[in-house]
Amino acid sequence: MILIFTALAVGSFAMVIVGYLAWSICRREPGNPCMVEVAGYIKEGTKAFIKRQYGTIAIFITLMLIPLSFFGWIVAVSFVFGATLSLLAAFIGLRVAVEANVRTAVAAESSPAEAFALAFSGGGVMGLSVVGLSLLGVGTLYLLCRNPTLIVGFGFGASLAALFAQLGGGIFTKAADIGADLVGKIEQRIPEDDPRNPAVIADLVGDNVGDCAGRGSDLFESISDDYITAIILGTLLLGHLGIKAAAFPLLLGATGILATIVGVFFMRTWRGTKPIITFNLGLLITALCCAFGALISCLLTIGDIRVFYAVTLGLVSSLAVGVAVQYYTGINGWVVGKVAESSERGAAINILTGLSYAFQSPFMPILFILGAIIFAYLITGGSLYGVLGANLGTDLAIGFIMSSDTFGPICDNALGIAKMSKNESSSESLEGLDSLGNTTKAYTKAFATASGTVSSIVIFATYGEMVKLYQVSQGVLNPIFMASLLLGATLPFVFSSLAIGAAAKTAYQMVDEVRRQFKEYPNIIEGKVKPNYARCVDMATKHALKRMMMPGFLAVASPVIVGLVLGKHALGAMLLGGLATSVLLSSTFTFGGGILDNAKKHVERKFWMRGTQAHEAAVVGDTVGDPLKDVAGPSLNIFMKLTNMTALLIAPLLLMI
């Protein structure tokens, strides 16, 4: 029992550090009046979107309480608790991020190193909020219930809220980004983050609600699901250890939090090196602290050094994904260079070249993950708990990774604020930080896919243990099994179609709105009249929230219908099919979008051909890649976990059929 209380104390300590970081950021001066004005637009737009989005999600969660009440009031309460903490973690990080952006722009005037440290502190608020509240939520519920199956509702609620947060934020930000690029850059020939562009504020708001809030909810539900499945499997497989089996994942989470705190404060104080070197050093120090903490946790609870090896394999494989990220999406890398070069032949060749690399990109990350799973299984003597250990290992650095992800939009916003307020003195140093932010965001998306893959496998294994899914009735050639497998493989394509289509339709209306403002108020382009930023924000908000509902309904309804109509074995087949295609599509979209995005930046920074045919082709390619990497790709990570968590939730019902 003392071990669980220790873990909860560490979770509470994380929130104390969150408070300190937030205070240290907000007490700094927000800059000159022009910068404050631009930052105010971003803050108000973000506040308006989050208020309406959270209100919409609250309605859906309330409606879900009706069917969930069938499973008991504890499950229903844990569902609401999980959804609430997921949104709260994202909100805390988002709230501080919109304060850190303008202060980062101010800090960049005097010192790029100071701006780097400040932006990463802002990211640290999100990272520590995610891991701290997740540990506190799951640990507290377990102590109150002592029955791990009753807290599945917590993971289900966190996953459902995360899907809506990611979808809504992603649709919003990509609609604004596409509208700003196609009309502003190509049609009006004005640069990025130009105050004359009506969609520029919506674009900057979108960075916050998509990359900050959406990704924060995503990683919150990922680590929460892993805690819950680890406690359930630990109870089933290591029941002889008693409460120590439940304490192990929570104690691991606590060591990950402490390692994240060390990493964040290292980034705050380190000076004298390039930002990318500082980031890599911080990540390495965090990983070493995680490994040491994992060893202590294993010895205190499981007592099996082989589990520690499995955890280390998971940690190393999740970090190794960064190799693939650097190769495929590095702005100065070979792949991005080839796609940028292809832009000279037009938009079609740019897109085709980018997609050709996107389709091969899942191979390397999946090899890393599969290698970790297989070796973890073998070194633990063919134990499923070895795979579980590898899964928990992929979660250890989540706090630091999430901090680096939020660092990206903070720097992006800071650069936008500097450009819109004509502050050239800080723009140059912020360009470098923004470039690093693009790398860290790409790494986080790839990391989320890798971690989500192992998480989904473990959630599926937990479902199999609960419903005794040891063999398929009549074998795998059973037509029902085969049909369910193919159905599951098809669902991620349907989901992706809905997500990308929603972004395209909202972007279509954003393009029309930006064109309308330029046409009706020609003085905007001359800088004599301010555009109506609020109208673009409001329009993107309304349509993004309306169109995020159908993909979410598909994720929840499909496992329920298949499970109740065709049975637990058919549902297992559907989950396997969905897992396989979700992993491949998510990686393809994430890397493909990153390749096309950085190819555009490569053209702009290396060739200096803004306004040429090559630049236009690169911008068009970027607008195609954006919905892939920021809407469909990240949402698929949540989709595959949510379908599995839904199956886990209804497993007791399926056993009665």
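The values are calculated or read from the model by the stated rules, or taken from the named source; none is laboratory data. All figures in this text were calculated on a predicted structure; none of them were measured in a lab. Ideal geometry is used to build each Cβ from the backbone, glycine not excepted, and the neighbour counts take in all protein chains shown.
Just checking, which of 462, 444, 440, 506 is touching a Phe, Trp or Tyr at 6+ places or on another chain (Cβ under 7 Å) and buried (at least 23 other Cβ atoms within 10 Å of the Cβ)?
Values: 462 fails: touching a Phe, Trp or Tyr at 6+ places or on another chain (Cβ under 7 Å); 444 fails: touching a Phe, Trp or Tyr at 6+ places or on another chain (Cβ under 7 Å); 506 fails: touching a Phe, Trp or Tyr at 6+ places or on another chain (Cβ under 7 Å).
440 is the lone residue from the list that is touching a Phe, Trp or Tyr at 6+ places or on another chain (Cβ under 7 Å) and buried (at least 23 other Cβ atoms within 10 Å of the Cβ).
Figure legend. Inter-residue proximity from region 197-218: first residues at positive phi, second residues modelled with pLDDT of 85 or more and in a helix (DSSP H, G or I), beta-carbon distance below 7 Å, spacing 6+ or different chains. No pairs are indicated.
Across region 421-430, which residue is surrounded by the most Cβ atoms within 10 Å (Cβ to Cβ) among those that are in a helix (DSSP H, G or I) and at pLDDT below 75?
Kept after step one, since they are in a helix (DSSP H, G or I), are these residues of region 421-430: 424-430.
So of that shortlist, the ones also at pLDDT below 75 come out as 424-429.
Working: 424: 10, 425: 10, 426: 26, 427: 18, 428: 12, 429: 24.
That would be 426.
Could you tell me whether residue 231 is under 30 Å from residue 57 (Cβ atoms) and of a type outside the set (S, T, N, Q)?
Values: under 30 Å from residue 57 (Cβ atoms): yes; of a type outside the set (S, T, N, Q): yes.
Yes; evaluated as a whole, the condition is true for this residue.
For region 207-221, the condition holds for no residue, the condition being that it is buried (at least 24 other Cβ atoms within 10 Å of the Cβ), β-branched (Val, Ile, Thr), in contact with a helix residue (DSSP H, G or I) (Cβ under 9 Å, 6 or more places away or on another chain) and modelled with pLDDT of 85 or more. Could you go through region 43-52 and let me know if any residue there is within 22 Å of the chain's Cα centre (by Cα) and among the β-branched types (Val, Ile, Thr). Yes, the conditions are met somewhere in region 43-52. Just checking, does region 579-601 include any residue being farther than 22 Å from residue 495 by Cα, modelled with pLDDT under 85 and either more than 15 Å from the chain's Cα centre (by Cα) or small (Gly, Ala, Ser) (or both)? Yes, because at least one residue in region 579-601 is farther than 22 Å from residue 495 by Cα, modelled with pLDDT under 85 and either more than 15 Å from the chain's Cα centre (by Cα) or small (Gly, Ala, Ser) (or both).
Taking the criterion of being under 30 Å from residue 654 (Cβ atoms) and not in a loop (DSSP other than H, G, I, E, B), would at least one residue in region 502-519 satisfy it? No, the conditions are met nowhere in region 502-519. Residues in region 323-334 that are in contact (Cβ under 8 Å) with a residue 40 or more places away in the chain, within 20 Å of residue 625 (Cβ to Cβ) and part of a helix (DSSP H, G or I): 324, 325, 326, 328, 329. Evaluate the following for residue 115: is it within 25 Å of the chain's Cα centre (by Cα), crowded, with 24+ Cβ neighbours inside 10 Å, over 24 Å from residue 141 (Cα atoms) and not hydroxyl-bearing (Ser, Thr, Tyr)? So residue 115 fits the description; yes. Outside any helix (DSSP H, G or I), in contact (Cβ under 8 Å) with a residue 60 or more places away in the chain and over 15 Å from the mean Cα position of the chain (by Cα) - does that describe any residue in region 621-629? No. Screening the candidates 201, 190 for the property of being touching a Gly at 6+ places or on another chain (Cβ under 6 Å) and part of a loop (DSSP other than H, G, I, E, B) yields one hit, 190. Scanning region 143-179 for residues that are assigned to a helix (DSSP H, G or I) and surrounded by fewer than 24 Cβ atoms within 10 Å (Cβ to Cβ) returns 143, 144, 145, 148, 149, 150. Just to be sure before I move on: is residue 309 in contact (Cβ under 8 Å) with a residue 12 or more places away in the chain, surrounded by fewer than 17 Cβ atoms within 10 Å (Cβ to Cβ) and among the hydroxyl-bearing types (Ser, Thr, Tyr) in the structure I sent? Answer is no for this residue.
In region 435-492, what residues are hydroxyl-bearing (Ser, Thr, Tyr), farther than 24 Å from residue 230 by Cβ and either outside any helix (DSSP H, G or I) or at pLDDT 85 or above (or both)?
The initial filter retains those residues of region 435-492 that are hydroxyl-bearing (Ser, Thr, Tyr), namely 435, 439-440, 443-444, 449, 451, 453, 455-456, 462-463, 470, 473, 484, 490.
In the following step, the residues that additionally are farther than 24 Å from residue 230 by Cβ were identified as 435, 439-440, 443, 473, 484, 490.
Passing the criteria: 473, 484, 490.
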